[in-house]
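Following: one structure in structure tokens, then a few remarks.
The values are calculated or read from the model by the stated rules, or taken from the named source; none is laboratory data. Given the structure is predicted, the values throughout are model-derived calculations rather than measurements. Virtual Cβ from ideal backbone geometry, glycine too; neighbours counted across all protein chains shown.
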Amino acid sequence: MNTRNRLGLCTMITTTLSTTTTGVFLALSFVASVEAAEPHRFGKAAMSGEQVYKAVCVTCHGHGVAGAPRAGNRHTWAPLINEGYEDLVGSALTGVRMMPPKGGAPELYDIEVARAVVYMASMAGGKFPEPTDANVKAARLDGEKRQAERLKKAAASRQ
Ligand code: HEC
């Protein structure tokens, strides 16, 4: 992970931990996910799931920081794996609760995030399909739809 990633991640974690209202955090993750939609990425070779995991996801998922499901823990991952590939990849791309969009690394390609999800699922004994442009796109749409619903609910609860 380069310095910028680390800084971004630290800010993200600090923001996450210090934010007391869900609404503010949801708003922040929404902004981050909009920025993450079109990262500048010319000439960057896509990493494998294992590489992405080791560069980004391990920070939280290695030890279960901030309530992140710990990688390799079958008990924790079984219900998540049951939610399915599209659901998990969608959440990893757009963020969910304390999970920042793309794990706080917006420069990752969507497909790299999906590969990391497949890698973590496999660490817990799950078998997901190989990410393709089509299934990653479908997962992103699914995640964005669910996130929009969460934002709507959060906004409604503040009125
Ligand atoms: C800053 C800490 C952090 C980083 C870095 C991080 N995650 Fe997470 N992740 C979380 C937390 C916290 C949760 C639990 C969210 C919840 O359910 O409340 C989570 C949950 C998830 C889930 C389950 C989502 C669901 O539907 O319940 C997936 C999949 C996931 N992360 C994938 C990834 C991938 C892939 C990476 C690396 C690209 C990554 N995470 C990096 C904190 C992180």
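Those helices (runs of 4 or more DSSP H) of segment 2-117 in which at least 3 residues are at pLDDT below 95, within 10 Å of the ligand (Cβ to nearest atom) and crowded, with 18+ Cβ neighbours inside 10 Å, considering only elements entirely within it, cover 3-18. Scan segment 110-117 and tell me whether some residue there is within 16 Å of Leu141 (Cβ to Cβ) and among the small types (Gly, Ala, Ser). Yes, that holds for at least one residue. Scanning segment 147-159 for residues that are among the charged types (D, E, K, R), loosely packed, with under 14 Cβ neighbours inside 10 Å and part of a helix (DSSP H, G or I) turns up Glu149, Lys152, Lys153.
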